[in-house]
Amino acid sequence: MTTVRCCQGLAAGAALFAVLGACGLPAGRVARAIARPRPRVEVTIRSLTGTWEAVDVTAVRLEVFVLTLRQTGDTVSGTLAAGDRVLASDPASPARVDASGSIDLTLGRSTESVLIAGRLDSSGDRIRARISGLSDGSIVVTFRRR
């Protein structure tokens with residue numbers, strides 16, 4: 001009797017799988033996985049080319065920095081005017097702007113080099129930057145597009 005019940009259970013299972021299999025697929029077709037390419041994240045950064053100005057106000061002084069940048073693709077070069085000093089980047093080694101809008105621009109000669117490490121904000125009209133090498137410490141300023 002248990003053998004009969006076992007056979008009935010197997011027959012019911014086979015019938016159930018046949019019905020379920022026939023519900024979703026047309027006869028003779030096999031479902032294939034569709035390979036879709038992963039979406040790429042593309043970041044668009046507004047060009048850095050132009051004139052940027054920042055003001056550093058302390059108890060002792062007020063200093064205006066004028067940064068002129070030229071961007072070609074992902075390379076950036078430029079000049080920095082700070083008081084009576086004007087420093088230019090080396091055309092042979094321009095800075096690179098990355099996908100997040102960060103740049104590390106070295107200006108001046110090896111004896112008098114200044115580093116501007118900054119990042120473009122989401123509006124594309126401000127660069128928050130740290131200027132190293134102009135004085136004893138670093139100066140943190142925000143350059144605004146003119």
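Output the number of residues of region 66-76 satisfying the condition of being open to solvent by 20 Å² or more (accessible area, probe 1.4 Å) and in contact (Cβ under 8 Å) with a residue 24 or more places away in the chain.
2
Mind checking which strands (runs of 3 or more DSSP E) fall wholly inside region 13-118 and carry at least 2 residues that are at pLDDT 85 or above and more than 16 Å from Gly133 (Cα to Cα)? Can you show your working first?
Values: elements: 50-57, 62-72, 75-82, 85-88, 102-109.
It comes to 50-57, 62-72, 75-82, 102-109.
Within the group Ser110, Ser100, which residue is small (Gly, Ala, Ser), loosely packed, with under 14 Cβ neighbours inside 10 Å and more than 22 Å from the chain's Cα centre (by Cα)?
Numbers: Ser100 fails: more than 22 Å from the chain's Cα centre (by Cα).
Testing whether each residue is small (Gly, Ala, Ser), loosely packed, with under 14 Cβ neighbours inside 10 Å and more than 22 Å from the chain's Cα centre (by Cα) leaves just Ser110.
Read through the list (1) farther than 15 Å from Arg144 by Cα; (2) within 24 Å of the chain's Cα centre (by Cα); (3) open to solvent by 20 Å² or more (accessible area, probe 1.4 Å), then give the number of the only condition that Ala88 fails.
(2)
The values are calculated or read from the model by the stated rules, or taken from the named source; none is laboratory data. Worth saying up front: this structure is predicted, and the values here are computed from it rather than measured. No Cβ is skipped: glycine too gets one built from the backbone with ideal geometry, and neighbour counts run over all protein chains shown. Ligands, DNA and RNA are stripped out before the accessible areas are found, and what is left, the full protein with its side chains, is counted by its heavy atoms. Shrake-Rupley method; radii C 1.70, N 1.55, O 1.52, S 1.80 Å.
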